[in-house]
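Below: the structure, in structure tokens.
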Amino acid sequence: QGAREVVLGMAHRGRLNVLAHVVGISYEAILHEFEAGRTGGGATAPKGGLDDVKYHLGAEGVYVTPEGLEVRVAVVPNPSHLEAVDPVVEGRTRAAQTDRSAAVARTEPASTLPLLIHGDAAFAAQGVVAETFNMARLDGYSTGGTVHVIANNQVGFTTGPREARSTDHASDLAKGFDAPIIHVNADDPEACLAAARLAMMYRERFGGDVVIDLVGYRRYGHNEGDEPSYSQPTMYARIGEHESVRERYQRRLVEKGVIGADEAEAKIKAAAQDLAKRLSRLRKGAEEAPQLDRGSEAIPPEEVDEPDTAVDADTLRRLNAALHAVPDGFSIHPKLTKQLERRARALDSDEPRIEFGHAELLAFASLLSEGTPIRLTGQDTVRGTFSQRHAALWDAKTGERYVALQHLDGVRAAFELHNSPLSEYACLGFEYGYAVTAPEALVLWEAQYGDFVNGAEIIIDQFIIAGLAKWRQTSRLTLLLPHG
């Protein structure tokens, strides 16, 4: 369908499998992460940091289709806050879809696919999932439809469905957003493939989110040392007698004559022997262990000179004139006329008097004129919570919106401006993901009041502050925290 990149977010379950068989990370690189202590090696962590656990690290690679087409796959690093990665994926996707080379940004949804793999308990219980769904069709946040896959194990660590949610199905949350839900038996690989194709057809046709509820089970415990039968004895007694997906599919293919039983068993044995040999060579130091590519940015230098950001007076006057020019026939609200006229004359005297909102718009204009794209979002941000910004004007008679910063002469950088939904957690996660993917842009998120930022504390703690130490990822995201 034209996608050149997939941005994938998921929690720990199955992550190593995805890294190896979808992203294309070598077995040696993954095994080395577990053997680092034994072999005395390990990826060099940034100064003052020790990296995060193996199941949280991000990576990038290229998936080659059977037809020989290449699709870049980026697995986004995530913390133990399982669904916190959801809006980050959406922001990264939106940034990858966006052309910022013109005054008005343009997006190409078909170019990049956001794919989220959720746990059943987390999908139902963690509020950021609903916040992310709510952004899906908003102009400032749409990514052309996300494919959501619920890896439905029918148990959250040790908590059963009746303790985890008040709905019949783990996927029921999506009903409130009119997203189609495809329930499929995870024991049937070909049915799963059909569900995936249906989901992609829906995205291409309607440009909306779609959910695949992959109903299966977790054969082993929550982690390598867990004993699941402590808390789900009858369920795991049944699982112990149940054929694995591979065994069921193998038997089906043998019965259809697609593959012989001996050939199938030989393939399984060869794969196990190959892994054992690679691990043995790694432990013996027979070959240099490759490093897991986390797809992160270079660590910035410890000291950076303070840049000179001054703009000469003539340039400011020219930009100020452009900021206060409106189309012919545009009717400014009468109560706003005096304030805008005062701003228009502010630079004419020997002692200019520039209030904060005006200075901010002049700063944006100067950055755009120098070729720096800007994305500004937040709650009531377009006008300003305190009626101080007026980055957009509305015609008092027609309601038509005009953004002067998108009409500066000769500018080859986009100014994105959006009011956000009344969300902090998902919205800040979205802007963080955007900033990581578009380091050349100034990305700003504004809390309506400074203390509103508390609702986004998980993103601040787990991504913005800890990102460098955990997964060597930096961003140039700026937070605006006005106070009344």
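Descriptive notes on the structure:
- Segment 325-348 residues that are basic (Lys, Arg), paired with ones that are open to solvent by less than 60 Å² (accessible area, probe 1.4 Å) (beta carbon under 9 Å, 6 or more apart): 342/358; 343/320; 343/323; 343/324; 343/357; 343/358; 343/361; 343/390
- Only one of 403, 411 that is surrounded by fewer than 17 Cβ atoms within 10 Å (Cβ to Cβ) and among the aliphatic types (A, V, I, L, M): 403
- Scanning segment 205-222 for residues that are in contact (Cβ under 8 Å) with a residue 60 or more places away in the chain, surrounded by fewer than 15 Cβ atoms within 10 Å (Cβ to Cβ) and among the charged types (D, E, K, R) yields no hits at all.
- Condition met for residue 450 (crowded, with 20+ Cβ neighbours inside 10 Å and touching a residue at least 12 places away in the same chain (Cβ under 8 Å)): no
- For residue 441: the one exception among (1) aliphatic (A, V, I, L, M); (2) out of contact with any strand residue (DSSP E or B) (no Cβ under 9 Å at 6 or more places or on another chain); (3) more than 27 Å from residue 80 (Cα to Cα): (2)
- Subset tally (residues that are in contact (Cβ under 8 Å) with a residue 40 or more places away in the chain, in contact with a strand residue (DSSP E or B) (Cβ under 7 Å, 6 or more places away or on another chain) and over 24 Å from residue 232 (Cβ atoms)) for segment 130-184: 9
- Residue that is surrounded by the fewest Cβ atoms within 10 Å (Cβ to Cβ) [pool: residues in segment 223-237 that are touching a residue at least 60 places away in the same chain (Cβ under 8 Å) and either out of contact with any helix residue (DSSP H, G or I) (no Cβ under 7 Å at 6 or more places or on another chain) or farther than 21 Å from residue 14 by Cα (or both)]: 230
- Which listed residue, of 125, 84, is over 25 Å from residue 376 (Cα atoms), surrounded by 17 or more Cβ atoms within 10 Å (Cβ to Cβ) and small (Gly, Ala, Ser): 125
- Counted residues, segment 144-190 - those being within 16 Å of residue 215 (Cα to Cα), assigned to a helix (DSSP H, G or I) and acidic (Asp, Glu): 2
- Scan of segment 238-258 for residues that are of a type outside the set (A, V, I, L, M, F, W, C), open to solvent by less than 50 Å² (accessible area, probe 1.4 Å) and in a helix (DSSP H, G or I), ordered by number: 250
The values are calculated or read from the model by the stated rules, or taken from the named source; none is laboratory data. All values derive from a computational prediction rather than experimental measurement. Every residue, glycine among them, receives a Cβ derived from its backbone with ideal geometry; neighbour counts consider all protein chains shown. The protein model used for the area step is the full one, side chains on, heavy atoms only, and it has no ligands, DNA or RNA in it. Shrake-Rupley method; radii C 1.70, N 1.55, O 1.52, S 1.80 Å.
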